[in-house]
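Single-structure report; data block below.
The values are calculated or read from the model by the stated rules, or taken from the named source; none is laboratory data. Quick caveat, the model's predicted, so the values are computed rather than measured. We place every Cβ from the backbone using ideal geometry, glycine too, and count neighbours over all the protein chains shown.
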């Protein structure tokens, strides 16, 4: 059992590790070949509430988190949906099923076609696409014969499938690629920013972060230049400030592109609405937008804040910091996760259990595997 726990811990660590500013959309893994689908799992999945009580018994071969009141589940090789009482609302019948978003769920049939259903299981967009992404602002990216376009929630093609890559719509704008060149379109498919840039990141605070050749700048919603291409690296704005790179070092700029924190750090990424995580000489700390130190730059690693707390590593163990830089838990954990809905998973020699926002042990589910809370419930295995 102990060997298994540390194997699980190691694999969890691999999943948890990530680079700051990983803003590219997560690419979904391709589906396994049908003959490789597992017909049944020996250890089943269910859900607990925030008291640690089993609300939905472990009876499913796999489950996803609840979203918009529903969770996808797998029985054998087929996926369907349950409600928060564990009742099957949409029977298992799909090759793949994804979380509801804007009232619709993306599903894949055993004919390898993708469409969208509503909460009653009725098709609102027939399964006719090679691939698709979830709806965002009433638009969904779809793939046909290797090219991408957009449909509305009636299934009507509003932007023809002509692009090599597409990002979701935000503020009636979407980043699109043809070959290696990026541009921006609106909901009518009209080009707002010409497809002539090396990279355009999704919009943040009304600004597009754009790479041209080897330099970064920022455009507004209408494609007008806000900050010229004068930085060797740049990240998204948060509350009026953004990390930018001069030579090999990062500082913070304001919306005019002027330095408010001189470039003296090896890396900077957003911690929360007003704080920034920094790295210097392989040590990590937290500063405010003026450059004042909230913590000493002494930690072995720091992660962004979630629900007011940030994970830190010291002496190869993990703990949590508050937004004043206080260590609310000592570095005693082998592994930690971000707080979700008031609770965070932590791992120690006792196994994986939950702590609250005060750093106190909340409850220990004693399950083989447990995930974060979503809409009041956490999925577990075994």
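May I ask you to list the residues in the range 47-83 that are closer than 29 Å to residue 357 by Cα and either touching a helix residue (DSSP H, G or I) at 6+ places or on another chain (Cβ under 6 Å) or in a loop (DSSP other than H, G, I, E, B) (or both)?
49, 50, 51, 52, 53, 64, 65, 66, 68, 69, 83
Against the condition more than 23 Å from residue 169 (Cα to Cα) and either in contact with a strand residue (DSSP E or B) (Cβ under 7 Å, 6 or more places away or on another chain) or not in a strand (DSSP E or B) (or both), how does residue 116 come out, does it pass?
Criteria not met by residue 116.
Looking at 175, 184, 114, can you tell me which residue is under 23 Å from the mean Cα position of the chain (by Cα) and closer than 20 Å to residue 72 by Cβ?
The unique qualifying residue is 114.
Got a sec? Which of 195, 226, 221 is more than 22 Å from residue 162 (Cα to Cα), free of Cβ contacts under 8 Å to residues at least 40 places away in the same chain and either out of contact with any strand residue (DSSP E or B) (no Cβ under 9 Å at 6 or more places or on another chain) or surrounded by 15 or more Cβ atoms within 10 Å (Cβ to Cβ) (or both)?
Just a single option satisfies the conditions, and that option is 226.
Go through the range 328-375 residue by residue and tally those that are on the phi > 0 side of the Ramachandran plot, in contact (Cβ under 8 Å) with a residue 24 or more places away in the chain and in a loop (DSSP other than H, G, I, E, B).
Number of matching residues: 4.
Please verify whether the range 320-327 includes one or more residues that are part of a strand (DSSP E or B), modelled with pLDDT of 95 or more and within 30 Å of residue 381 (Cβ to Cβ).
Scanning the range 320-327 turns up at least one residue that is part of a strand (DSSP E or B), modelled with pLDDT of 95 or more and within 30 Å of residue 381 (Cβ to Cβ).
Scan the range 5-27 and give yes if some residue there is part of a helix (DSSP H, G or I), at pLDDT below 95 and farther than 30 Å from residue 336 by Cα, otherwise no.
No - not one qualifying residue is present in the range 5-27.
Name the residue, out of 120, 154, 180, that is surrounded by fewer than 16 Cβ atoms within 10 Å (Cβ to Cβ) and closer than 30 Å to residue 254 by Cα.
None of the others qualify; the one that does is 180.
Whether any residue in the range 290-303 is touching a residue at least 12 places away in the same chain (Cβ under 8 Å), closer than 28 Å to residue 48 by Cα and buried (at least 16 other Cβ atoms within 10 Å of the Cβ) is what I want to check.
Yes, because at least one residue in the range 290-303 is touching a residue at least 12 places away in the same chain (Cβ under 8 Å), closer than 28 Å to residue 48 by Cα and buried (at least 16 other Cβ atoms within 10 Å of the Cβ).
Return the only residue of 285, 311 being part of a strand (DSSP E or B) and more than 22 Å from residue 252 (Cα to Cα).
After applying the criteria, what remains is 311.
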